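Derivation of every value follows stated rules applied to the coordinates shown; laboratory data play no part. No experiment lies behind these values; they were computed from the predicted model shown. Reconstructed Cβ throughout: ideal geometry from the backbone, glycine too, with neighbour counts over all protein chains shown.
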Amino acid sequence: MTTTLIRNGTVVTADLTYKADVRIENGKIAEIGQNLSADGATELDASGCYVMPGGIDPHVHLEMPFMGTYSSDDFESGTRAGLAGGTTMVVDFCLPDPGQSLLDALKRWDNKSTRANCDYSFHMAITWWDKQVWDEMETVVKDHGINTFKHFMAYKGALMVNDDEMFASFTRCASLGALPLVHAENGDVVATLQQKLLAEGNDGPEGHAYSRPPEVEGEATNRAIMIADMAGVPLYVVHTSCEQSHEAIRRARQKGMRVYGEPLIQHLTLDEGEYFNEDWDHSARRVMSPPFRNKMHQDSLWAGLQSGSLSVVATDHCAFTTEQKRTGVGDFTKIPNGTGGLEDRLPMLWTYGVGTGRLTPNEFVAVTSTNIAKILNIYPRKGAILVGADADIVVFDPEKEKTISADGQQSSIDYNVFEGKKVKGLPRYVLTRGKVVIDDGAVKTEEGHGQFVKREPYQAVNKALSTWKDLVAPRKVERSGIPASGV
Ligand code: URP
Ligand code: ZN
Ligand code: ZN
Ligand code: ZN
């Protein structure tokens, strides 16, 4: 039996802050209390540090087949980058090709993920629609432990699904106890704007931002929310980047709908000015969908995290090298969409969130770990410092500083979108199921240590919504005296 004792730290969870030691046995938290005895355990000194649940990143694309290439970080380098920054679990998207069985696609993702250094799970994407997909969704939920289905409202001609397909899939999610996710951008309008901009000679990376204005996102978010409401299912909106989308989520929540919004650390801290840099590479490296926005939108996202109308901070880590980005020289629509962030999410959010007084340390834990563990239905196994929880832990030193740079980063790409940013607040130790993999600066990850985390279907929220749907379902009025037809 391996035993580790985290000594002299301050435990910070989503709702409590207190001094305590944490004993870990066989990958799980075994005891929490003051002055625990060492008893032969390996001791980690957490003096001056916060002991927090490891980050969970619910939105990553590792070795993703996309836009004619593959994202460069695979499950090995991607999870290593995550661990180096305090993230101890990632959720990737399984993407069936059009016409491909969901179960065949899952086999491909199972093969890729064997190299993961930390625990992981998958969302299943609905990229096409017919009875086979309807049938296989049940197997995906019941036999494969996947309770979330992703729908792309953008990427016309590739991953995009239409409203009728989305309504059918959302309805299926409702009956299976699953949660639909949406990439909310109006793909038809984007495709039209792209062609218009190219025809006008706007072929540089700034054209990408012009082709995806906030209204494109606000409209799609609102549409997805209304479709989810009609289907009687909760909804999770990935990479919420602007006030228009946030406003739709806020309004829905005020009306009592279960809608969750996920801003990215990139949208919170980088703005649209990045696309107007005279260096083509600089701008293209930051091309992602939705694009970075102006300060008004950033303020809206921060306010959403503070007030609770937005729930989770993710990365959408989808890293392409400069060489890959250059496929789009002369035509911005061919620049592979995606940016990295796995290694930097926690230090950046701590620095720009807790370090500025926008977030409390407890709110930081909520939006990086606990909220998403609850939404994914894996709490308190993940996202908690509780006896019996997995020992996925970050011992976080709020005084430790660095300047972010591609030099020495874990990600396999040749740049970092946060290059030059100074962060204060970094992991001293990171543990994945009890194994110390970040040890005061030394990276000791173990390829293949990560395990797939099965997620049970939802009980409470889906049941509440289906009970309500049944109550208000159309019912024929039984009448006694029906008059004769007037014809
Ligand atoms: O630009 C992005 N976000 N790339 C990854 C795929 C997606 O849309 O999430
Ligand atoms: Zn997306
Ligand atoms: Zn994504
Ligand atoms: Zn191991």
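Here is how the numbers come out for the structure above:
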{"quantity": "Computed [θ] at 222 nm, deg cm²/dmol, the chain (DSSP H ≥ 4; -39,500 (n - 2.57); rounded to nearest 500)", "calculated": "-9000 deg cm²/dmol"}
{"quantity": "Magnitude of the charge dipole, the chain, Cβ model with Lys/Arg +1 and Asp/Glu -1, debye to 20", "calculated": "1460 debye"}
{"quantity": "Modelled FRET efficiency - R0 45 Å, GLU456 with GLU200, Cβ distances, 0.05 increments", "calculated": "0.30"}
{"quantity": "Net length gained if the chain between TRP128 and ALA38 were fully extended (0.36 nm per residue, minus Cα distance)", "calculated": "26.8 nm"}
{"quantity": "All lysines inside 17 Å of LYS334 as judged from Cα atoms, apart from same-chain residues fewer than 8 positions distant", "calculated": "LYS156, LYS196, LYS325"}
{"quantity": "Calculated FRET efficiency for the pair LEU386/SER175, C-beta based, R₀ 22 Å, to 0.05", "calculated": "0.10"}
{"quantity": "Mean-position separation - Cα centroids, region 389-407 and region 307-361, in angstrom", "calculated": "17 Å"}
{"quantity": "Contour excess over end-to-end distance, with Cα ends at THR2 and ARG326 and 0.36 nm allotted per residue", "calculated": "111.8 nm"}
{"quantity": "Residue-span extension gain [TYR18 to ASP279] - 0.36 nm each, minus C-alpha spacing", "calculated": "89.1 nm"}
{"quantity": "For region 1-67 versus region 225-292, the gap between their alpha-carbon centres in whole angstrom", "calculated": "31 Å"}
{"quantity": "Rounded to whole Hz, the Karplus (6.51, -1.76, 1.60) HN-Hα couplings of region 167-178, x for glycine and proline", "calculated": "5, 4, 5, 4, 5, 5, 4, 4, 6, 8, x, 10"}
{"quantity": "Efficiency of FRET from Cβ geometry, THR69 and SER307, R₀ 45 Å, rounded to 0.05", "calculated": "0.70"}
{"quantity": "Value of relative contact order over the chain, rounded to a whole percent, pairs C-alpha under 8 Å and six or more apart", "calculated": "21 percent"}
{"quantity": "Hits among lysines - C-alpha to C-alpha of LYS19 under 29 Å, sequence gap 8 or more where chains match", "calculated": "LYS28, LYS374, LYS382, LYS400, LYS402, LYS422, LYS424, LYS435, LYS444"}
{"quantity": "Calculated SAXS-style log₁₀ I(q)/I(0) at q = 0.13 Å⁻¹ - region 110-213, Debye, Cα scatterers", "calculated": "-0.61"}
{"quantity": "Label point distance in nm, THR114-SER101, each placed 7 Å from Cα along Cα→Cβ", "calculated": "2.0 nm"}
{"quantity": "Whole-Hz ³J(HN,Hα) from phi, Karplus 6.51 cos²θ - 1.76 cosθ + 1.60, for region 261-276, glycine and proline x", "calculated": "x, 10, x, 9, 4, 5, 5, 6, 10, 10, 10, 5, x, 4, 7, 9"}
{"quantity": "Cβ-based exposure ranking for ILE24, ILE372, ILE227, in which fewest neighbours within 10 Å come first", "calculated": "ILE227, ILE24, ILE372"}
{"quantity": "Footprinting exposure proxy for PHE276, PHE452, PHE122 (fewest neighbouring C-beta atoms within 10 Å first)", "calculated": "PHE276, PHE452, PHE122"}
{"quantity": "Using θ = phi - 60° and Karplus 6.51 cos²θ - 1.76 cosθ + 1.60, couplings along region 107-115 (whole Hz; Gly, Pro as x)", "calculated": "4, 5, 5, 4, 5, 5, 7, 4, 8"}
{"quantity": "Mean projected area (nm²) of the alpha-carbon convex hull when the chain is viewed from all directions", "calculated": "27.0 nm²"}
{"quantity": "Straight-distance crosslink candidates among aspartates and glutamates, where the alpha carbon sits under 12 Å from LYS255 and sequence neighbours closer than 8 are dropped", "calculated": "ASP229"}
{"quantity": "Alpha-carbon centroids, region 109-184 and region 434-482: separation in whole Å", "calculated": "13 Å"}
